[in-house]
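One structure is given below, encoded as structure tokens.
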Amino acid sequence: MSLIVSVSGVRGTIGGVSGDNLTPPDIVKFSSAYSQWIKNQYPQPTVVIGRDARISGQLVSKLVSSCLQSMGVHVIDLDLSTTPTVEMAVVHLKAHGGIILTASHNPKQWNALKLLNQKGEFLSAADGEQLLNIIQQDQISYAPVDSLGQLRHYENAIQDHVSAILKLPFLPIQAIKSRSFHIVADCINSSGAIALPILFKALGCTYELINEIPDGNFNHNPEPLPEHLQDLLSACANSSAIGIAVDPDVDRLALVDEKGQYFGEEYTLVTVADYMLDLKAGNTVSNLSSSRALRDLTLMKGGQYFASAVGEAHVVQKMKEVHAIIGGEGNGGVILPDLHYGRDSLVGIALVLANCVTKNKTLSELKSGYPKYAMIKDKVQLKQDTPYDEVLQLLKSNYKNEELNTIDGLKIDFEHAWIHLRKSNTEPIIRIYCEAKSISEAEKLTNQLKHHIHHLIQ
């Protein structure tokens, strides 16, 4: 089964059987339910849609657009775009919601509908439950012919997004331009190939693009992890260039330093927090699977650190609660409230360059000054009938003498390390995150946990 439903939307593989995969009937069902949810709040709503470059993107977009219109919802279509661009466009264009058509880091056979509210933010748990209830109770009513929604296209959304970044008062735009950064960017054959050059030109950067054809035929696994970025690592080695990798919808940012060394997704957020916390002391937020480095840095600079459950909506909620000045997720997701409450690789890039300019340091020099941790991200494949909750309970018993956190899955805190495991919202797997002072210690702890899990699910 490759159809995953959550309060934030629906994700699945294209083709196959309805209800088990992301098929046209499933797309229609969720688009209609979302339309009904919007119409229950606004009499004549407008929804912004945009997509990444997946092979199925145009097909899914046409289905979603037609379905929205058939419900009496007006549609503004951005066509090829990024997740943060769609989020910002909802507000900029005074729409009532948005749908992003992307399966993020999943392979090309996947696609998804990510649902936004009128603030351009992912639906809350309560909103999502309302939408799912609409589906379950079949509360959908389509519009008569005289009330069908209208469709219009908008081509300047990415430029609007970049312009908003350039207007941030604390970004030293002229200093960045004067530095004349050279950037090598892996666009993973998707929307980054369109968005990144607009940003680079605006910041006075020269650049080379890898995997620059936005056709959805991903030349490697689209998750920006070091094992998938060998071409980028090679291109940056001894070149003095900054390497940048994004995922297909451009809400995750991974960096490669001027020596061709993987900077680490975890340290993307640390780097931008370093810059923001120098401007003013404040609070930071990341999820339970993110590096302790952010916590250590925040405390060192006089702020407070808070952790949330995994997922952008949870991070945003916590950021609002504690008035965080910067936050995000350890997977390279940067959320800057001064711009919008959404993970945004474009503003992340601008903040990274600002930090390099302000401190007059290279990426490798910046990282050498940050708290040093090593993280492993692993996973265990689940069978359809795997009793996930029972596995967690048994693991809790195995590690009962350690500090345990069950807000989101199970996090086990040791004195100098931690392990976090949780069932993925997007794939039938248990994700395992482990951080320690050395890679060997992280590997040892991860292998021990995987051994326990495999024993329990056999």
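Within the option set A281, A245, A235, A309, being surrounded by fewer than 18 Cβ atoms within 10 Å (Cβ to Cβ) and touching a strand residue (DSSP E or B) at 6+ places or on another chain (Cβ under 7 Å) holds for one residue only, A309. For V47, the conditions (1) in a loop (DSSP other than H, G, I, E, B); (2) among the β-branched types (V, I, T); (3) buried (at least 18 other Cβ atoms within 10 Å of the Cβ) are fulfilled apart from (1). Comparison of H161, H182, H228, H153 shows that the only residue that is within 15 Å of V347 (Cα to Cα) and either in contact (Cβ under 8 Å) with a residue 12 or more places away in the chain or assigned by TED's automatic domain parsing to the domain that holds V357 (or both) is H161. For the stretch 73-93, taking the residues that are closer than 17 Å to E155 by Cβ and β-branched (V, I, T), the one that is surrounded by the most Cβ atoms within 10 Å (Cβ to Cβ) is identified as T82. Within the stretch 391-408, is even one residue in a strand (DSSP E or B), touching a residue at least 40 places away in the same chain (Cβ under 8 Å), acidic (D, E) and surrounded by 17 or more Cβ atoms within 10 Å (Cβ to Cβ)? No: the stretch 391-408 contains no residue that is in a strand (DSSP E or B), touching a residue at least 40 places away in the same chain (Cβ under 8 Å), acidic (D, E) and surrounded by 17 or more Cβ atoms within 10 Å (Cβ to Cβ).
Of all residues in the stretch 273-290, those that are in contact (Cβ under 8 Å) with a residue 24 or more places away in the chain have Cβ atoms under 8 Å from Cβ atoms of residues that are in a strand (DSSP E or B) and of a type in the set (D, E), 6 or more apart or on another chain, in S286/E329; N287/E329; S289/E329; S290/E329. Residues that are crowded, with 19+ Cβ neighbours inside 10 Å and either in a loop (DSSP other than H, G, I, E, B) or small (G, A, S) (or both) within the stretch 94-107 comprise A95, H96, G97, G98, T102, A103, S104, H105, N106, listed in sequence order. Scanning the stretch 309-332 for residues that are farther than 19 Å from G9 by Cα and among the small types (G, A, S) yields A324, G327, G328, G330, G332. Entry remark, the stretch 82-95: residues being within 24 Å of I188 (Cβ to Cβ) and either free of Cβ contacts under 8 Å to residues at least 60 places away in the same chain or touching a helix residue (DSSP H, G or I) at 6+ places or on another chain (Cβ under 6 Å) (or both) number 4 in total.
Scanning the stretch 5-39 for residues that are in a loop (DSSP other than H, G, I, E, B) and at pLDDT below 95 yields V7, S8, G15, G16, V17, G19, D20. Taking the criterion of being in the same structural domain as C205 (by TED's automatic domain parsing) and without any contact (Cβ under 8 Å) to a residue 24 or more places away in the chain, would at least one residue in the stretch 311-334 satisfy it? Yes, the stretch 311-334 contains a residue that is in the same structural domain as C205 (by TED's automatic domain parsing) and without any contact (Cβ under 8 Å) to a residue 24 or more places away in the chain. L68 - would you say it is surrounded by fewer than 21 Cβ atoms within 10 Å (Cβ to Cβ) and either over 21 Å from the mean Cα position of the chain (by Cα) or in a strand (DSSP E or B) (or both)? Taking the combined requirement at face value, the residue does not satisfy it.
Against the test of being aromatic (F, W, Y) and under 30 Å from D274 (Cα atoms), the options Y399, Y388, Y373 yield a single qualifying residue, Y373.
Residues that are on the phi > 0 side of the Ramachandran plot and surrounded by 24 or more Cβ atoms within 10 Å (Cβ to Cβ) do occur in the stretch 331-352, at least one of them.
Could you look through the stretch 206-220, keep only residues that are in contact with a Ser or Thr (Cβ under 9 Å, 6 or more places away or on another chain) and either without any contact (Cβ under 8 Å) to a residue 40 or more places away in the chain or surrounded by fewer than 18 Cβ atoms within 10 Å (Cβ to Cβ) (or both), and pick out the one that is farthest from A350 (Cα to Cα)? By that ranking, first place goes to D215.
Being more than 22 Å from the chain's Cα centre (by Cα), among the small types (G, A, S) and closer than 23 Å to S438 by Cα: is that true of G260 here? Judged against the criteria, G260 is a match. Among the criteria (1) outside any loop (DSSP other than H, G, I, E, B); (2) out of contact with any Phe, Trp or Tyr (no Cβ under 9 Å at 6 or more places or on another chain); (3) modelled with pLDDT under 95, the one D146 does not fulfil is (3). Looking across the stretch 165-196, just one residue is in contact with an Asp or Glu (Cβ under 9 Å, 6 or more places away or on another chain), farther than 20 Å from L339 by Cα and surrounded by fewer than 19 Cβ atoms within 10 Å (Cβ to Cβ), and that is H182. Listed conditions (1) surrounded by fewer than 23 Cβ atoms within 10 Å (Cβ to Cβ); (2) more than 17 Å from the chain's Cα centre (by Cα) are all met by S124, apart from (2). When E223 is tested against the conditions (1) part of a loop (DSSP other than H, G, I, E, B); (2) modelled with pLDDT of 95 or more, the lone failure is (2).
Of R431, R422, which residue is part of a strand (DSSP E or B) and more than 16 Å from L394 (Cβ to Cβ)? Only one candidate passes the filter, namely R431.
The values are calculated or read from the model by the stated rules, or taken from the named source; none is laboratory data. Model, not experiment: these values are computed from the prediction. Reconstructed Cβ throughout: ideal geometry from the backbone, glycine too, with neighbour counts over all protein chains shown.
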